[in-house]
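The values are calculated or read from the model by the stated rules, or taken from the named source; none is laboratory data. This structure is a prediction, so every number in the text was calculated from the model and none was measured. Reconstructed Cβ throughout: ideal geometry from the backbone, glycine too, with neighbour counts over all protein chains shown.
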Amino acid sequence: MKPHAFEYRRVEKVSEALQWLREDGENARILAGGQSLVILLNMRLAQPARLLDISRCAELNYLRQEKGMLCIGASTTQAQLQYWPDLPRTVPLLAEAIPFISHYQIRNRGTVVGSIAHADPSAELPLCLATLCGRVVLRSHKKSRVLDAAQFQQGMLTTAKETDELLTEVRFPVAGEGHGYAFDEFALRRGDFAIVACAVDVGPEKVRLGIGGVADKPMVVEWERRDSASFGQKLNDLAWQLDAQDDQHASAAYRRHLVRELGQSTIDTALSRCAKKED
Ligand SMILES: Cc1cc2nc3c(=O)[nH]c(=O)nc-3n(C[C@H](O)[C@H](O)[C@H](O)COP(=O)(O)OP(=O)(O)OC[C@H]3O[C@@H](n4cnc5c(N)ncnc54)[C@H](O)[C@@H]3O)c2cc1C
């Protein structure tokens, strides 16, 4: 199938995008890397009258550290982030998760912010954002607002973004002193979307576990680190709470099994990385 006819606009400045969104946000869509949107267009699941291409907007292409956060502009690609030499030290969870996103061709075009705006429940970057309690910056012609991941992520391909808003930046907390991080996932083939993905942030007292691919958005739980002996039971309870469904990729029972097994092994890896730092 071919997309419905649309008007294409290359946007050079944020102010230009905001002006277009103000005039006709209902009928316009932002085009970033196009790696998810173009599929929706080709299948006619999205039929916007106008595409606003921000992929060459220099104002939105940056990686910078500010007030304990790594701030990533909306035209920064996943590959730019992956090959930024400071990433393993700055946000180690992202450094471990990004290679799981499909293949390098996709990461060369796909943006970090585009993935978070698209809100696929199996995607790696929204899961990392939720697990680390990251934030998103939304701008419209009249206001700018900063939302926590939990406020922004609402469900399958659904976020709190309004039609006249542009997601200009995402912010990931820089690695905390004494924290250990780990990411792992199970997919049918390397590069496929995850059937179950796990992201873990172990701090001095708490363990935060994020699960992707099961519920309609990333689900995050926080447990006391001192309760680690009972994590097996907690993972079993969580596996049932997530309300897994059967689909063509895996049964609900298999997804619950993966939550228990992958959840435990990813927590163990993060704990061992903490222990190494504490030695
Ligand atoms: C073959 C294939 C395999 C893939 N495998 C994976 C995978 O394993 N894991 C994974 O996470 N992803 C995967 N993806 C998706 C990929 O990561 C996309 O790049 C990503 O989901 C969307 O980023 P994008 O920059 O391409 O956004 P686009 O496709 O351009 O946009 C996606 C959506 O977000 C909106 N949007 C984008 N940027 C903004 C913004 N700044 N403000 C407001 N709205 C915005 C668009 O309007 C659109 O609705 C795959 C894609 C393909 C084609």
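Structural remarks
- Filtered by the rule that a residue be near the ligand (Cβ under 7 Å from one of its atoms) and either in the same structural domain as Ser140 (by TED's automatic domain parsing) or without any contact (Cβ under 8 Å) to a residue 60 or more places away in the chain (or both), segment 21-36 gives Arg29, Leu31.
- When Arg44, Arg56 are checked against the criterion of being part of a loop (DSSP other than H, G, I, E, B), touching a residue at least 40 places away in the same chain (Cβ under 8 Å) and within 13 Å of the ligand (Cβ to nearest atom), Arg56 stands alone in meeting it.
- Checked against the criterion of being within 17 Å of the chain's Cα centre (by Cα), within 9 Å of the ligand (Cβ to nearest atom) and not assigned by TED's automatic domain parsing to the domain that holds Asp227, the candidates Leu132, Leu125, Leu147 yield just one match: Leu125.
- Note on segment 102-134: among residues that are over 16 Å from Phe186 (Cα atoms) and of a type in the set (Gly, Ala, Ser), the one that is surrounded by the fewest Cβ atoms within 10 Å (Cβ to Cβ) is Ala119.
- Residue within segment 204-222 that is closer than 13 Å to Leu262 by Cβ, more than 16 Å from the ligand (Cβ to nearest atom) and touching a helix residue (DSSP H, G or I) at 6+ places or on another chain (Cβ under 7 Å) present: yes
- Residue-level check: of (1) over 30 Å from Trp20 (Cβ atoms); (2) not hydroxyl-bearing (Ser, Thr, Tyr); (3) not in a strand (DSSP E or B), Cys198 misses just (3).
- Listed by position, the helices (runs of 4 or more DSSP H) inside segment 92-184 whose residues that are under 28 Å from Asp268 (Cα atoms) number at least 2 are 92-97, 112-118, 124-131, 149-152.
- Selection status of Leu262, part of a helix (DSSP H, G or I), outside the structural domain of Glu124 (by TED's automatic domain parsing) and in contact with a Cys (Cβ under 8 Å, 6 or more places away or on another chain): yes
- Of all residues in segment 206-231, those that are in a helix (DSSP H, G or I) have Cβ atoms under 6 Å from Cβ atoms of residues that are β-branched (Val, Ile, Thr), 6 or more apart or on another chain, in Arg225/Val207.
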